[in-house]
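Visitor: Questions regarding the structure given below will be posed in turn.
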Amino acid sequence: MSKIPMTGDGFTRLEEELKQLKTVERPAVIRAIAEAREHGDLSENAEYTAARERQSFIEGRVIELEDKISRAEIIDVSKLTGKQVKFGATVTLIDEDTEEKAVYQIVGEDEADIKSRRLSISAPLARALINKSVGESVEVTTPGGSKSYEIAKVQFK
């Protein structure tokens, strides 16, 4: 089984979601199923069908989260140093065409959120940045065409 790299924050979020599913969502859906059963004929009971589908989703997500948590390799970003881009790095990039700055942290797949500037390690831009250093340029093929970025800063925080 392969390890799944993630930051401590990402690991904590997965644990919190698992706890929420087990202690709140699972009991709620069990109550909903029991209530729907009381309404009679299950073959034509939309509430029962919806509750069963929700239960199926919850159970599948619990299994998925337990697997990811068991295979997690937590990387303490605060202990990393250097000017080379690695997992957990916060990278400041300059678009070579527009001179716009962008800052991204490279994180695990489950904690990626582009709106929060958290870039998945498997994203094309992150893959292009890994093992590059400050001052180097990277070229990434995007849906809108090819883009070039210069690495202005690498931090581990």
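Values quoted throughout were computed directly from the atomic coordinates according to the rules given, and no laboratory measurement underlies them. Just so we're clear, the structure is a prediction, and the values are computed from it rather than from any experiment. Neighbour counts run over all protein chains shown; Cβ positions are idealised from the backbone, glycine included.
Visitor: Only bridges whose two residues both fall in the chain count here: according to DSSP, what percent of them are antiparallel, nearest 5?
Guide: Within the chain, antiparallel bridges account for around 75 percent of the total.
Visitor: OK, next. Using θ = phi - 60° and the Karplus relation 6.51 cos²θ - 1.76 cosθ + 1.60, list the HN-Hα couplings for the range 86-98 in order, rounded to whole Hz, with x at every Gly or Pro.
Guide: Whole-Hz 3J(HN,Hα) from phi for the range 86-98: 9, 3, x, 5, 9, 10, 9, 10, 10, 5, 6, 8, 9.
Visitor: Roughly speaking, what is the centre-to-centre gap between the range 17-59 and the range 135-157 when only Cα atoms are used, to the nearest Å?
Guide: 46
Visitor: For Ile121, what is the net charge nearby, where nearby means another residue's Cβ is under 15 Å from its Cβ and Lys, Arg count +1, Asp, Glu -1?
Guide: Here the charged neighbours net out to +2.
Visitor: Where a Cα-Cα gap under 20 Å defines reach, which lysines qualify for Lys101, not counting those fewer than 8 residues away within the same chain?
Guide: Lys83, Lys86, Lys115, Lys132, Lys147, Lys153, Lys157
Visitor: Here is a follow-up. Placing +1 at every Lys and Arg Cβ and -1 at every Asp and Glu Cβ, with all other atoms neutral, what dipole size does the chain have around its Cα centre, in debye to the nearest 20?
Guide: My answer is approximately 640 debye.
Visitor: Right, another one. Quick check on the chain: helices-only [θ] at 222 nm, where DSSP H runs of length 4 and up contribute -39,500 (n - 2.57) each and the sum goes over total residues. Nearest 500, please.
Guide: Per the formula, -12000 deg cm²/dmol.
Visitor: A further question on this structure: Residue-wise, which Karplus ³J(HN,Hα) couplings in Hz belong to the range 7-22, taking 6.51 cos²θ - 1.76 cosθ + 1.60, θ = phi - 60°, and x for glycine or proline?
Guide: Once θ is set to phi - 60°, the couplings for the range 7-22 become 7, x, 4, x, 5, 4, 4, 5, 4, 5, 5, 4, 4, 4, 5, 6 Hz.
Visitor: Right, something else. Simple spin-label model, 7 Å along Cα-to-Cβ: Glu139 to Ile30 in nm?
Guide: Roughly 5.9 nm, to one decimal.
Visitor: Right, here's the next one. Which whole number of Å³ per residue matches the convex hull of the alpha-carbon atoms in the range 77-155?
Guide: 86
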